[in-house]
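Everything below concerns the one structure shown next.
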Amino acid sequence: MKRKKQVAANETTLRHLWLAGLGLAVIARREALSGAGRAAGRVEALQQRVRDLASDARSNVRGGIETMRDQVEPKVVKFSADVEARLAPVLDKLGLKSAHKPRAQRKSRKPAANKPVARRTARKPAARRARKA
């Protein structure tokens, strides 16, 4: 009978190194895949944040424009009415009475309702026909 060599419990063998290397490769692969997933999630979250910021900026600009329009439009209408009122006597003296009636004051614009845009369906190509020989 051959005697088997008894290996001390704390002695490292090639088999131990091989198994440790395999374990390390599995862990590295798993972390690489999950890291890529986390990176993709972060990119999507960042894109959504950019979209939200752009939407907020757009709505702020539109709100500012509407506010400005609401303040300026009545002043322009009033200025136009004042000019017409001052020119009316001069035009009467010259015999150039204005042919049209003064316009009514414009109402401020109301924001359009958000209606879904109707999309056209893609046109299907015509069926192919066999050529006669």
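A count restricted to the range 31-66 and to residues that are open to solvent by 70 Å² or more (accessible area, probe 1.4 Å) and of a type in the set (S, T, N, Q) stands at 3. Within the span defined as the range 94-104, one or more residues are part of a helix (DSSP H, G or I), of a type in the set (A, V, I, L, M) and modelled with pLDDT under 90. For the range 10-30, does any single residue satisfy the condition of being of a type in the set (S, T, Y), exposed (fewer than 10 other Cβ atoms within 10 Å of the Cβ) and either within 18 Å of the chain's Cα centre (by Cα) or modelled with pLDDT of 90 or more (or both)? Yes: one or more hits. The residues on offer are V76, V90, and the sole one that is at pLDDT 65 or above, in a helix (DSSP H, G or I) and closer than 28 Å to G63 by Cα is V76.
The values are calculated or read from the model by the stated rules, or taken from the named source; none is laboratory data. What you see is a predicted model; the values in this text were computed from it and never measured. Neighbour counts run over all protein chains shown; Cβ positions are idealised from the backbone, glycine included. Please note that ligands, DNA and RNA were not included when accessible areas were found on the heavy atoms of the full protein model with its side chains. Shrake-Rupley method; radii C 1.70, N 1.55, O 1.52, S 1.80 Å.
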